[in-house]
Amino acid sequence: MPQLDLPTILMLVGVVALFYFMLVRPQQKRAKQQQELMSALSTGDRVMTISGIVGTVRYLGEKQVIIEVSPGVEMTVVKGAISSQPVEDEFEYAEDGTAELVEADPEPQTETDAKTDKLDSSGSAEDDLK
């Protein structure tokens, strides 16, 4: 049986250590952070799910959470689907659940539509087709 020399053993130990520090340890760290987030979760907290839905925690259960995603709209998600607490909200909602409607812009006109309208009004495009 061939004897393993010291450099080969050190290289194997190095590969195992690299594997541990690159894959195993970061995963353990993420799992610990997720566990801390779940234990600190309470009613009224803003949360974001793994699919990117942001809402406010309304009810906490053992395995599920009901979050309000907009005034009067609630959805049930499993606790594991909550990924983080957003640092800052981009939009604000009125406390009474109302929002003002904004008039939509008319359908934007493309360059092709603008050229077609211009040619139709001058009559030159129709004359060329005849």
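Just so it is clear, none of the values below were taken in a lab; they were calculated from the coordinates. Please read all numbers here as calculations on a predicted model, not as lab measurements. Glycine gets a Cβ as well: all are built from the backbone with ideal geometry, and neighbour counts include every protein chain shown.
Counted by Cβ distance under 13 Å from residue 50, the other residues give a net charge of +2, where Lys and Arg count +1 and Asp and Glu count -1. Taking each residue as 0.36 nm, the span from residue 66 to residue 5 lengthens on full extension beyond its C-alpha to C-alpha distance by 16.0 nm.
Seen from every direction in turn and averaged, the convex hull around the alpha carbons of the stretch 1-40 projects onto 3.7 nm².
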